[in-house]
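Report on one structure; see the data block that follows.
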Amino acid sequence: MAGPMPGGAVTPARPAGADLLAAARRLDAAFRRDLEAAVSIDSGSWSPDGVGRMAAWAADRLTADGFLVERIPTPETAGARFADVVVGRRRGTGSARVLLFAHLDTVFADGVAAERPYRVSGDRAYGPGVCDDKGGLVAGLTAARVLAETGWDGYGELVLAFTPDEEVGSPASRDILAALASESDVALCLECARENGDLVGARKGVADLRVTVRGRAAHSGVEPERGVNAAVEAAHLVLEFQGLSATRPGLTVNVGRVRSGSRPNIVPDGAELQVEVRAERTDDLLAAFDAFDDRAARPVVTGAAVSIERLDVCPPLEPAATDALAAVARRVGKELGLAFEIARTGGASDANFVAATGVPTLDGLGPVGGGDHGVDEWLDLASVPERVALLAGVIAECCR
């Protein structure tokens, strides 16, 4: 159904699901060529040159497809250098701005693409990053081609953004991506669908904390009473922090590393805990922070001092940000004969940062895949035409 737009223009009717699927099938060979080319490029997050080659490849593909392309340099972060963010823009005849986003980087070191090259066995493709997230990135390029193939351009602007550092928490690109999101009406994350085909409508938020305990050193045999044992305080903290897990639905706390002392005959004057917190809701994450701060202000060991530093905080992707788009995806999926649920997961993605800007967001819109980060990472090639058609249909449906 066509709809009115500012100035009296009319949004062109969304292509029928059958037309989108037919176009996606015609473009499937091109998808496979692009996927092989992308997987064959080493692009580990800590290799800015490798990710830079992947960025150049993606920029070339966008340019060839008629996008106006910009490469945005990222700032040096904590002494680390990352590659550019690649942004492609295409104007349409509508008014809504739709953002698609994926990441260029993988978890794999230089040389892995040659050691374990792209291969196809049956309906599955294998290779480093084939699912996470090169399959999703190529699906975004292909969905834009599907819309062009069907002659539909009812968006105001279609924006594709590819980031260089998602696998290490997006320290350099998150502000750039958030700025793009704040200009958008909807945002679609191209992480691949779950192994069973589900999309992703909720992800836990993640916080990394460093807890420092200060005590006082003393000779453990001659005058232990003059010491303040930081290790004992740290032991209490480990048990109490772990005890916060499950005090709210979905809240988990993991004290992943504990370090204290230098020699067994010295009362330790310092200790450090590295703690990870995950929560389904922002309110629960903030409540955990309050509980940590309250405990830090009340040391058990007389004379000890406890301080807490929040090293990184990734907000949750909550259903409130995804429900409307999930309904859109279900409508389009039904037309394509696709059945899926909207899953919740404990892992974070760039969708967490994007949704925090307030823009409606949905995740898991790449093809079906699994084995992320492993030697057997795979992508279901048979799922590609349907999932590309789904993505194209969601883009168009969001612009009605």
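Since every read-out is calculated from the coordinates, none of them should be taken as a lab result. Computed from a predicted model, the values in this text were never measured in an experiment. Cβ: placed from backbone, ideal geometry, glycine included. Neighbour counts: every protein chain shown.
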Label point 7 Å beyond Cα of D376 along Cβ direction - residues of the range 94-135 with amide nitrogen under 18 Å: 116-132
Give me Rg/Rg_expected for the range 344-387, where Rg uses Cα atoms only and Rg_expected = 2.2 N^0.38 Å with N residues. 1.41
Only Lys, Arg, Asp and Glu count, each charged at its Cβ (+1, +1, -1, -1), so figure out the dipole size of the chain about its Cα centre, rounded to 20 debye. 320 debye
Taking 0.36 nm per intervening residue step and subtracting the Cα-Cα distance, what contour gain separates A37 from S262 on full extension? 75.9 nm
Using θ = phi - 60° and Karplus 6.51 cos²θ - 1.76 cosθ + 1.60, couplings along the range 171-185 (whole Hz; Gly, Pro as x): x, 9, 9, 4, 5, 5, 5, 5, 5, 5, 5, 5, 8, 9, 8
Most fluctuating of C314, C192, C131 in the GNM of the chain (C-alpha, under 10 Å) is C314
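Arrange H103, H373, H236 by Cβ neighbour counts within 10 Å, fewest through most, would you?
Numbers: H103 31, H373 13, H236 16.
With the sparsest Cβ surroundings first, the list reads H373, H236, H103.
Please arrange L199, L286, L239 by counting, for each residue, the other beta carbons lying within 10 Å of its beta carbon, fewest first. Provide the component values of the computation, followed by the final result.
On the way: L199 26, L286 14, L239 9.
Lowest count first: L239, L286, L199.
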Running Debye on the range 72-187 with equal point scatterers at the Cα sites and no solvent, what base-10 log of I(q)/I(0) appears at q = 0.11, 0.23 Å⁻¹? -0.45, -1.25
With point charges of +1 on the Cβ of Lys and Arg and -1 on the Cβ of Asp and Glu, referenced to the Cα centre of the chain, which listed residue (L391, A343, L137) lies farthest in the positive direction of the dipole? L391
Relative to the first principal axis of the alpha-carbon coordinates of the chain, what is the inclination of helix 48-64, with its axis defined by its Cα atoms, in degrees from 0 to 90 and to the nearest 10? 20 degrees
Kirkwood hydrodynamic radius for the range 275-400: how many Å is it when counted over pairs of different Cα atoms? 17.7 Å
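In what sequence do D28, D372 fall when counting other Cβ within 10 Å, fewest first?
Details: D28 16, D372 19.
Listed from fewest to most nearby Cβ atoms, that is D28, D372.
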About the Cα centre, charge dipole magnitude for the range 206-314 (Lys/Arg +1, Asp/Glu -1 at Cβ), debye: 280 debye
What are the ³J(HN,Hα) values, in whole Hz, obtained from phi via the Karplus relation 6.51 cos²θ - 1.76 cosθ + 1.60 with θ = phi - 60°, for each residue of the range 378-387 in sequence order, with x given for Gly and Pro? 9, 10, 7, 5, 5, 7, 4, x, 5, 6
Using a simple spin-label model with points 7 Å from Cα along the Cα→Cβ vector, what separation in nm is obtained for Q274 and D123? 4.1 nm
Please compute, for the alpha-carbon atoms of the range 206-314, the extent along each of the three principal axes and give them in descending order in Å. 51, 21, 19
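Can you pull a Stokes-Einstein diffusion coefficient for the chain at 37 °C (0.692 mPa s), Rh from Kirkwood over Cα pairs, as a whole number of µm²/s?
Numbers: Rh = 22.7 Å.
Result for D is 145 µm²/s.
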Cα-based Rg / Dmax (Å) for the range 289-346: 21.7, 67
Could you tell me the ratio Rg/Rh of the range 208-252? Both radii from Cα atoms, Rh via Kirkwood. 1.20
Can you tell me which of T361, T150, T77 moves the most in a GNM of the chain? Springs connect C-alpha atoms under 10 Å apart. T77
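Using DSSP loop states and a limit of at most 15 other Cβ atoms within 10 Å to flag GluC sites (Glu not before Pro), what is the longest stretch of the chain containing no flagged site? Show your work: numbers first, answer last.
Working: sites that count: E76, E183, E195, E341.
After excluding every exposed loop site, the longest remaining stretch is 196-340.
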